[in-house]
Amino acid sequence: MNILVGISKTPETTAKIEFSEDGKSFKSEGVNYIMNPYDEWYALVRAIELKEVHGGEVTVINVGTISNETVIRKALAIGADKAVRINKETSSSWDTASQIAAYAKEHSYDIILIGKETIDYNGGEVGGMLAEHLGVSFISFASKLEFDGSVFTVEKDIEGGVEVVELNGPFVLSAAKGLAEQRIPNMRGIMMAKRKPLEVIEPISDEGFVTISQFTKPAEKVGIKMVDPDQMDELVRMLSEESKVI
Amino acid sequence: MPSNYIALNTLKFILNQVHGLADVLKLDYYSDHDMESMNLFLDAVKDFSDREMAPYFKEMDEQPAHFEEGKIKVHPQVGVIMKKGGAMGLISGIFDYEDGGMQIPMMVHTANTYIQDCANNHMTGYMGLTLGAAELIIHFGDAALKAAYVPKMLTGDWAGTMCLTEPEAGSSLSDLTTKAIPTEQDYYLLKGQKIFISGGDHEYISNFVHLVLARIEGAPAGTKGISLFVVPKNRINEHKGLEPNDVNTAGDFQKMGQRGYCTSHLMFGENNDCRGWLVGEPHRGLKYMFLMMNGARIAVGRGAAAIVMAAYHASLEYAQERVQGRKIGKLGKKKVDSLPTTIINHADVRRMLLLQKVVAEGSLSLLILASKYKDLSLHAKTPEEKEKYHLLLEILTPIVKSYPSEMGNIAVSNGLQVLGGYGFTSEYILQQYYRDIRIFSIYEGTTGIQSLDLLGRKATMQGGRAIQLLIEEIKQSCSEATKFSDLTPYTSMLESELESFKEVLVVLYKLTEQGKFELFTADANHFLELLSLIIIAWMWLEMANESMQAIQKDEEPHKEAFYQSKIHAMKFYFNYELPKTLGHAKILKNVSGLTIDLDREIFV
């Protein structure tokens, strides 16, 4: 079974996000990056598990610059067989999906897995766009994926229950919690990763549909004001006039 | 548990920028590795520690290892860690490829185990002792011993221990009495008992490989008659299966700290059927054991340094959240109607936090430097370089072991103090760190033993060559740092400390010339503290120098605030800690002799 897994690089969860003066980009100084957990823990690991049972090959694909190769190496250390990096700073979900689709069309994959969203932009858009580009089915938020040798069975959590879908490949699936269990790369895997192929290809020209006009941070929390228990009138006034909650 | 137990960015700063891991990776022996793979490995260890170690830290204290129905019960996660840690390469990593290892530098090994220690100091000894025991067999055992034991130890299927102490022989190993009786077979019959055996027995490992010091019947008295044996709990029979080897657990020791790390009392040969296989040559056991012991001493310093780091983060987190008291206003009075502030804004709380920070990060820097010296002593390009770094490692080892342990006790005590009364309650983790760290100044040679080793042996070896090399290294750092005018006051202070230290050496060496050997080492503890203070100042100067360079070059990966915090901590250390050298130097120069030749009645 040949599986393509889309992986992204995101700031680590504890990173403090700052934006540039014009508010149109995000400052990367001092920020540590990780592989997007939904891509790594669920999509990639489930792909490797399926390969281990059914044979085949797992290819990871990333759209990004050379600085992304650290997370690509990690994917190879965890167990992917080879990697492709499309050499472009992606500008939007559409851009990412277009680039991956162009590569996937040239190759034959039984299934394509990707995290349900990245933890920085939380768009959750790439999977659907990718499926549309390729003209294949898309299953979102999958928490279970099985293959009996001919048919795939997918489970996804829905409001009040679980939806079970049976289908044949190829399809695109976005991975949610439960699909697999995180694998931590071992030292031998890390050493082997250096010897696995990492192909760098140039991007297709793509007409972008999205421009970023402004990033803003949520308003800072206002400091706590202490009100004496004897001053209930003052408390009511503050809640009404300052906080405007009553 | 606090949400954060380590500053990984500080660890990488010290490893990569201050002590230049990249330089070590250029050596032929490490040529299969690069910075990217080493950083990836450390990130993986952090993930492993987050998931498999930190969540069990408090639990292991609250449900301590204990002896029950003839067996030692430990937390089930110990078994998980041995298997998963073995599979990750955490036991095998530093060994040669031909021995099943991956030839990772000691610098990276120290960094990786330090992360684990920060996450859960009750857990790391199980893997660490297995690594140490395997190292002894690899270095000194014959091919048959290696093939029989090492592979399963490196995967974590079997565990290793070191068995030195006996009920009447602790620091004085020359008095040990465990016997090894020769047989006509390839093994000896062992008889005796060993106490304080860390990780000595439990139900989650199928075999324990004990490295036992014993005296072959008829061997000379003293340390020269001691040999080293591999004594498995279960020996390998002719069918390649396991059968009991007459090694029994008599009990355990309940402790004030590290309660999840079992400490056993083992009986060898109660039924005259305990077989042991000689490692290397007869009567050279103590020499062999010291290979493991030197590594173990660095590991003890690492464990203590890690506890200080974790405790610092726990108290820092509390200080940033706890609201109490008000800042002093411009007129020197508190405004009672102003809003209370978080306690991190009070000067005395900041003093306690900064003390922890300088001890934690200064110790870490020293550990990584010592590990670099270990790498260079083994794999530097020329024999002269190897010898130089070997001597530097020798002189640093007692300090690497003792400074984090002794100052760690004080630093963690300050961490607990930050929490006030809450620090004393079991609701908060500081009390556990406070209890855990106490053993580290006792493990693997007490501070007293380390002091004697430093002054009595290391400071005089090769006519004081090691000390001379150390002073040259420090002077070199001072010289490099003077290119930044902001640092020159501190380089001057450190150079002045070196001059004062040399004066102390003159006084002490004169005592040996006069044959006053007991007087020479009587205040060895103050000598160790004096040199430790100077060495940690050196570490902080190195960190400040690197930070200044990074700011000047506008260098990533850290923000300027990160580098400024290092410079500020250096200033704190030089102003608050380094002046303590004065008292030690005065005591050493006075040579009062008040602790020797005493009439016992003085303690009445």
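Coordinate-derived values only; no laboratory data. Bear in mind that the values here come from a model prediction, so they are computed numbers and not experimental data. For neighbour counting, all protein chains shown are included, and Cβ atoms are generated from backbone atoms with ideal geometry for every residue, glycine included.
Work out the length of the dipole vector of the stretch B:22-176 about its Cα centre, built from +1 on the beta-carbon of each Lys and Arg and -1 on the beta-carbon of each Asp and Glu, and round it to the nearest 20 debye. Walk me through the numbers before you get to the answer.
Values: 10 positive and 24 negative charges, 74 e Å.
The calculated dipole for the stretch B:22-176 is roughly 360 debye.
Taking the Cβ of B:T161 as the center, what net charge do the other residues with Cβ under 14 Å away carry, scoring Lys and Arg +1 and Asp and Glu -1? Kindly include the intermediate steps, with their values, before the conclusion.
Working: positive: B:K194, B:K233; negative: B:E135, B:D201, B:D252, B:E444.
Once all neighbours under 14 Å are counted, the net charge is -2.
Strictly over 24 Å apart at the Cα level, which of A:K24/A:K88; B:K357/B:K571; A:K27/A:K105; B:K224/B:K374; B:K179/B:K240 would you flag in this model? Display every interim value, and only then the final one.
Values: A:K24/A:K88 18 Å; B:K357/B:K571 12 Å; A:K27/A:K105 35 Å; B:K224/B:K374 27 Å; B:K179/B:K240 27 Å.
Going by Cα-Cα distance, A:K27/A:K105; B:K224/B:K374; B:K179/B:K240 fall outside the 24 Å limit.
Give the shape of the stretch A:58-150 as rounded, prolate or oblate, defined through the alpha-carbon gyration tensor: a ≥ b ≥ c are the square roots of its eigenvalues, a/c under 1.5 means rounded, and otherwise the shape is prolate if a/b is larger than b/c and oblate if not.
On the way: a/c = 1.41, a/b = 1.17, b/c = 1.20.
Taking the square roots of the gyration eigenvalues as a ≥ b ≥ c, the stretch A:58-150 is rounded.
B:K333: which lysines have alpha carbons under 26 Å from its alpha carbon, excluding same-chain residues fewer than 8 sequence positions away?
Qualifying lysines at Cα under 26 Å: A:K225.
Mind scanning B:K287/B:K372; B:K458/B:K502; A:K16/A:K221; B:K71/B:K255 and naming the pairs with a C-alpha gap bigger than 19 Å? Before the final figure, lay out each step's value.
Details: B:K287/B:K372 23 Å; B:K458/B:K502 15 Å; A:K16/A:K221 16 Å; B:K71/B:K255 17 Å.
Too far apart for the 19 Å limit: B:K287/B:K372.
Considering the Cα trace of the protein assembly as shown, what is its radius of gyration and what is Dmax, both in angstroms?
Considering the protein assembly as shown through its Cα atoms, Rg and Dmax are 30.1, 97 Å.
Can you give me the distance in nm between label points at B:H390 and B:E317, each placed 7 Å from the Cα along the Cα-to-Cβ direction?
Rounded to a tenth, the inter-label distance reads 4.5 nm.
May I ask for the net charge around A:Q231, where only other residues with Cβ less than 12 Å from the Cβ of A:Q231 are counted and Lys, Arg are +1 while Asp, Glu are -1? Mind showing how you got there, number by number?
Working: positive: A:K225, A:R237; negative: A:D228, A:D230, A:D233, A:E234.
That works out to -2.
What is the angle, in °, between the Cα long axis of helix A:93-105 and the longest principal axis of the Cα atoms in chain A? Nearest 10 is fine, range 0 to 90.
For helix A:93-105, the angle is close to 10 degrees.
Once the mean 1/r over all distinct Cα pairs of the stretch A:38-108 is inverted, what Kirkwood radius in angstroms do you read off? Write out the running numbers ahead of the final one.
Details: mean 1/r = 0.0779 Å⁻¹.
Kirkwood radius, the stretch A:38-108: 12.8 Å.
What are the trypsin sites (Lys or Arg not before Pro) within the stretch B:485-589 that DSSP puts in a loop, where the Cβ has at most 13 other Cβ atoms within 10 Å? Walk me through the numbers before you get to the answer.
Details: sites: B:K502, B:K510, B:K516, B:K553, B:K559, B:K566, B:K571, B:K580, B:K586, B:K589; in loops: B:K516, B:K553, B:K559.
Those that pass, being in a loop and sparsely packed, are B:K553.
Quick check: net charge around B:G101, other residues with Cβ under 12 Å of its Cβ, Lys/Arg +1 and Asp/Glu -1?
Values: positive: A:R188; negative: B:D32, B:D96, B:E98, B:D99, B:E135.
Around B:G101, the surrounding residues sum to -4.
Contact order normalised by length for chain A, with contacts defined as Cα pairs under 8 Å and 6 or more residues apart; what percent is it?
Numbers: 462 pairs, mean separation 59.5, N = 246.
Result for chain A is 24 percent.
Using a 10 Å cut-off on Cβ to Cβ distances, tally the other chain neighbours for every residue of B:187-197 and report the average as a whole number. Intermediate values should be presented prior to the final figure.
On the way: counts 0, 0, 0, 0, 0, 0, 0, 0, 0, 0, 0.
Counting other chains' Cβ atoms within 10 Å and averaging over B:187-197 gives 0.
Which of the GluC sites (Glu not before Pro) found in the stretch A:199-240 are in a DSSP loop and have at most 12 neighbouring Cβ atoms, other than their own, within 10 Å?
Values: sites: A:E199, A:E207, A:E220, A:E234; in loops: A:E207, A:E220.
Filter output for the stretch A:199-240: A:E207, A:E220.
Set Lys and Arg Cβ to +1 and Asp and Glu Cβ to -1, take the dipole of the stretch B:446-592 about its Cα centre, and tell me which of B:H584, B:S547, B:L531 lies farthest positive.
Of the listed residues, the answer is B:H584.
Sticking with the crude label model, points 7 Å out along Cα→Cβ, report the distance from B:S485 to B:H239 in nm, one decimal please.
Going by the 7 Å Cα→Cβ label model, 8.3 nm.
How long is the stretch A:2-216 along each principal axis, judged by its Cα atoms, biggest number first, in Å?
Here the spans come out as 54, 42, 35 Å, largest first.
If I take R0 = 35 Å and measure r between the Cβ atoms of B:D157 and B:E281 in this structure, what FRET efficiency does the formula 1/(1 + (r/R0)^6) give, to the nearest 0.05? Kindly include the intermediate steps, with their values, before the conclusion.
Values: r = 29 Å, r/R0 = 0.83.
So, using R0 = 35 Å, E works out to roughly 0.75.
Mind checking which aspartates and glutamates have their Cα closer than 19 Å to the Cα of B:K386? Skip sequence neighbours fewer than 8 apart in that chain.
B:D23, B:D28, B:D96, B:D375, B:E394, B:E472, B:E473
How big is the dipole moment of the stretch B:446-592 about its Cα centre under a simple scheme where the beta carbon of each Lys and Arg is +1, that of each Asp and Glu is -1, and everything else is neutral? Debye, nearest 20, please. Before the final figure, lay out the partial values.
Details: 15 positive and 20 negative charges, 96 e Å.
Taking the Cα centre of the stretch B:446-592 as origin, the dipole is about 460 debye.
I'd like the Kirkwood hydrodynamic radius of the stretch B:446-592, using the inverse of the mean 1/r over distinct C-alpha pairs, in Å. Can you show the working numbers first?
Values: mean 1/r = 0.0609 Å⁻¹.
About 16.4 Å for the stretch B:446-592.
Please list, in order along the stretch A:113-118, the HN-Hα scalar couplings obtained from phi with the Karplus expression 6.51 cos²θ - 1.76 cosθ + 1.60 (θ = phi - 60°), rounded to whole Hz, x for Gly and Pro.
Per-residue couplings from phi come out as 10, 7, x, 5, 6, 8 Hz.
For the stretch B:365-381, what does the Karplus curve 6.51 cos²θ - 1.76 cosθ + 1.60, with θ = phi - 60°, yield as ³J(HN,Hα) per residue in whole Hz, taken in order and with x for Gly and Pro?
With coefficients 6.51, -1.76 and 1.60, one gets 4, 5, 4, 5, 5, 4, 5, 5, 4, 5, 4, 6, 5, 8, 10, 4, 6 Hz.
Which entries in A:K194/B:K559; B:K46/B:K559; B:K26/B:K388 show an alpha-carbon gap greater than 26 Å?
Details: A:K194/B:K559 29 Å; B:K46/B:K559 22 Å; B:K26/B:K388 19 Å.
In this structure, A:K194/B:K559 exceed 26 Å between Cα atoms.
Straight-line reach from B:K516: which aspartates and glutamates have a Cα under 13 Å away, not including same-chain ones fewer than 8 places off?
B:D597
Among B:P340, B:I395, B:Q431, whose Cα projects farthest towards the positive end of the dipole of the stretch B:337-441, with charges put on the beta-carbon of Lys, Arg (+1) and Asp, Glu (-1)?
Farthest towards the positive end: B:I395.
How much length is gained on full extension from B:N271 to B:L582, taking 0.36 nm per residue of separation minus their Cα-Cα distance?
Details: separation 311, 0.36 × 311 = 111.96 nm, distance 5.86 nm.
In short, 106.1 nm is gained.
In debye, nearest 20: dipole of the stretch B:90-230 around its Cα centre with unit charges on the Cβ of K, R (+) and D, E (-)? Don't skip to the end; give the middle numbers.
Details: 7 positive and 15 negative charges, 43 e Å.
Dipole of the stretch B:90-230, to the nearest 20 debye: 200 debye.
Two decimals is fine: what's Rg over Rh for chain B, C-alpha atoms, Kirkwood radius as Rh?
Working: Rg = 24.7 Å, Rh = 25.4 Å.
Radius of gyration over Kirkwood radius for chain B works out to 0.97.
Got a sec to turn the phi values of the stretch B:531-547 into Karplus ³J(HN,Hα) couplings, 6.51 cos²θ - 1.76 cosθ + 1.60 with θ = phi - 60°, whole Hz, x for Gly and Pro?
After applying 6.51 cos²θ - 1.76 cosθ + 1.60, I find 5, 4, 4, 5, 5, 5, 4, 4, 4, 5, 5, 4, 5, 5, 4, 5, 5 Hz.
Measuring from label point to label point, each 7 Å out along Cα→Cβ, what is the A:D120 to A:E18 span in nm?
Inter-label distance under the simple model: 1.6 nm.
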